[in-house]
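A short reminder: the numbers here are calculations on the coordinates, not readings from a lab. Here the structure is a predicted model, which is why all the values come from computation and not from measurement. Every residue, glycine among them, receives a Cβ derived from its backbone with ideal geometry; neighbour counts consider all protein chains shown.
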Amino acid sequence: MSKNIVLSAKDIVVNFRVRSRVLTAIRNVSLDLYEGETLAIVGESGSGKTVLTKTFTAMLEDNGTVSQGSIIFEGRDLLTIKSDKEWESIRGIKIATVFQDPMTSLNPIRTVGSQITEVMIKHQKKTNEEAKAMAIELMTKVGIKDSDTRFDDYPFQYSGGMRQRIVIAIALACNPKILICDEPTTALDVTIQAQIIELIKDLQKEFKFTTIYITHDLGVVASVADKVAVMYSGEIVEYGTVEEIFYEAKHPYTWALLSSLPQLGIKGETLFSIPGTPPSLYNTVKGDAFAPRNPFAMRIDFEEAPPLFKVSETHYAKTWLLDPRAPKSEMPSAIRNLHERIRQIVNLDGETNE
């Protein structure tokens, strides 16, 4: 049974004005979010992952504008909303965000409990008593022990992992339809990262929201995503199910990202890294933006941008390698049997092989 589209972004272009120059951070991006699924948006720093999702909540910096496109949510184009008052009924209520650093979201001089109940009192019209009971229950759901006694604690009295759990609780206080997780585990140690990832997955099953997971960590993607969008230089260069991206990737940039997985490193050998740097987005990109770093690049890659080729009903990629006239190219040998490589690294019971 096909799932409903929760949000549909079409042909989004985002420009930033920086000292009389214009930087085009997002270049004609289209994306559909499906009910109850997790979409991971991956790519190097500066590829446009966070900027793209900020357009869904009108949180671009003052010098940024969406100069083209539409974002349809609940039958309405979000880009037509101009007033902050109108956005108050959407941002944080229907589309919520969990950021990388919890202290950018928490007020250090207010108790944790009051920051959760504030949302419920304002947007759900709950009484103080009702909101407190709901907040304590939500704190328990996100894994805060003795939540009734910790309700009146301040953020500094919580560890980093616990603060992130509180931010998740605040984000879920109004039962949003979409939860944007912007690298929510990057600032945490590995053990806590795994706990937060599992927590978000469990809460998604319970609350039935759709998740956008922004990350550069493909290891995280493998454990959370249903669909994956690979971004490079402000555009989506490949899109597919998590299985298609990991085991049947078609774009050379996706191949490079997969080859960079630290889990595939061999003791005593240098880890793979992508040579070169992305192009400056102050300039008009000619051809395929990845061409100067692409060992599979052809002459046309430097002259003309590739179209979006359809690989399957769920899999698309922007690369001239998919043109019938292109010479046959196979993914690097290091990732050709990625499924078996991962099985060798991780036992079925989740324990790492030594």
The range 306-326-the range 226-253 distance, computed between alpha-carbon centres (Å): 12 Å
Cα-derived Rg over Rh, computed across the range 159-254 with Rh taken as Kirkwood radius: 0.99
Kirkwood Rh in Å, taken over the range 1-146 so that all alpha-carbon pairs contribute: 17.7 Å
Computed [θ] at 222 nm, deg cm²/dmol, the chain (DSSP H ≥ 4; -39,500 (n - 2.57); rounded to nearest 500): -8000 deg cm²/dmol
Mean-position separation - Cα centroids, the range 25-47 and the range 130-164, in angstrom: 31 Å
Length added when fully stretched, Arg76-Thr104, from 0.36 nm per residue minus Cα-Cα: 7.1 nm
Net length gained if the chain between Thr111 and Ala194 were fully extended (0.36 nm per residue, minus Cα distance): 27.2 nm
Convex hull of the range 32-102 built on C-alpha atoms - directionally averaged projected area, nm²: 6.0 nm²
Relative contact order [Cα under 8 Å, 6+ residues apart], the range 135-193, whole percent: 33 percent
Set Lys82/Lys125; Lys94/Lys126; Lys10/Lys208; Lys49/Lys318; Lys49/Lys85; Lys3/Lys85 screened for pairs whose C-alpha atoms are more than 21 Å apart: Lys82/Lys125; Lys10/Lys208; Lys49/Lys85; Lys3/Lys85
Percent RCO, i.e. relative contact order, over the range 231-345, from Cα pairs under 8 Å lying at least 6 residues apart: 32 percent
Sequence-separation-based contact order of the chain, relative, with Cα cut under 8 Å and 6+ spacing, percent: 18 percent
Filtered GluC sites (Glu not before Pro), the range 1-92: DSSP coil and at most 10 other beta carbons within 10 Å: Glu61, Glu74
Globularity index of the range 72-190, i.e. its alpha-carbon radius of gyration over 2.2 N^0.38 Å: 1.09
